[in-house]
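Beneath this line is the structure, given in structure tokens, with notes to follow.
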Amino acid sequence: MSSHSQASKPIHPVQRHWFRHWQGKPPGPGLLFAAALGAALMIIPVIYVLLLAVQASPAQWLRLFNTRIPGLWWNTFSLTVTVTAAATMIGSLLAFLTMRTDLPGRRLWRWLLAVPLAIPPYIGALGYILIAGPRGLVFQLWGRTPWDIYGFWGTAWVLTWFTYPYTYLITAAALRRLNQNFEEAGLSCGIPYWQVLLRITLRLLRPAMGAGAVLTALYVLSDFGTIAMLRYETFTRAIYYQMTGRFDQSAAAILSLLLMIITIIVLTI
């Protein structure tokens with residue numbers, strides 16, 4: 001009798017909403033506490049930076065908008081777009097070559113092409129400086145350096161070759177799972193292979209390529225080591241020098257807030 005009354009006891013609305021929120025499988029107290037603690041440790045510094053930026057005087061905002069922010073925005077935007085576009089194209093092409101062609105040694109290439117992820121990009125930047133810098137190996141062998149490794153193009157070059165594996169790995173995995181019946185159906189209808197590739201395969205791969213592009217863009221926005229070594233001015237480098245050079249916490253917080261807004265815009269797009 002008591003067990004029947006206990007089973008028919010009405011569920012509190014809050015408890016019902018809690019179970020509905022987790023689709024009937026709520027996490028245990030320990031897991032929930034660990035997740036909440038991790039979220040708090042992550043978001044507290046962000047909130048503090050936001051408060052510093054909001055509390056900055058209008059004169060500081062105006063000064064930065066008149067002097068630093070337009071140039072930093074353009075530098076960051078152009079670098080992010082260039083690297084993301086180049087890395088996405090390179091990664092997608094390499095994924096197709098290793099997964100859908102008779103490339104010699106493609107089994108070896110499949111993991112060799114992912115090696116740049118194991119190397120920090122600033123190490124790659126250091127290597128390019130030692131080889132192609134003003135006094136690098138090329139200068140010692142040739143007597144002059146026909147290019148400038150520093151600046152926009154040098155930074156874009158290094159970041160592209162160290163971020164393409166994001167798109168390569170995701171697109172290769174998508175190709176591995178892709179149902180080839182769609183492509184075979186197109187070929188059986190007499191459609192040329194290049195049209196099948198553009199009209200069928202490429203459309204099916206757009207989500208994977210988009211995911212790789214987002215990861216690449218977020219990495220470029222957050223990178224500091226490569227950008228600092230190659231002397232290119234973006235938000236990350238400007239924030240660092242505002243903190244260590246000018247000891248201006250308010251200006252650094254303002255630039256950090258703007259960088260977070262740009263990151264949110266990239267995620268939204």
Study note, to complete from the structure: Comparing Pro165, Pro120, Pro104 in a Gaussian network model of the chain (Cα, 10 Å), the one with the largest mean-square fluctuation is Pro104
Exercise for review: Mind telling me which of Ile170, Ile131, Ile47 comes out most flexible in a GNM of the chain, alpha-carbon contacts under 10 Å?
Suggested key: Ile47
Study note, to complete from the structure: Note on the chain: helices (DSSP H) long enough, at least 15 Å by alpha carbon along their axis, and hydrophobic enough, mean Kyte-Doolittle at least 1.0, are 29-55, 69-100, 121-132, 202-222, 249-268
Check your understanding: Tell me, what is the percent relative contact order of the stretch 80-247, built from C-alpha pairs under 8 Å that lie six or more residues apart?
Key -> 34
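Two decimals, Cα atoms only, Kirkwood Rh: what is Rg/Rh over the stretch 48-141?
In the stretch 48-141, Rg relative to Rh is 1.19.
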Exercise for review: Taking the Cα centre of the chain as origin, sum charge times position over the Cβ atoms of Lys and Arg (+1) and Asp and Glu (-1), and report the length of that vector in debye to the nearest 20.
Suggested key: 480
Review point. What net charge is computed for the residues neighbouring Ala238, neighbours being all others with C-beta under 13 Å from the C-beta of Ala238, Lys and Arg scored +1, Asp and Glu -1?
Key: +2
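Compute the signed sum of charges (Lys and Arg +1, Asp and Glu -1) over the other residues within less than 14 Å, Cβ to Cβ, of Ala173. If you can, show how the numbers build up before the last one.
Values: positive: Arg100, Arg110, Arg176, Arg177; negative: none.
Every neighbour counted, the sum reads +4.
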Review point. For the chain, modelled as a Gaussian network with Cα springs under 10 Å, which listed residue fluctuates most, Gly30, Gly127, Gly210?
Key: Gly30
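Taken together, the values in this text are just the output of simple stated rules run on the coordinates, not laboratory data. Worth saying up front: this structure is predicted, and the values here are computed from it rather than measured. Quick reminder, even Gly has a Cβ in these numbers, built from the backbone with ideal geometry, and neighbours come from all protein chains shown.
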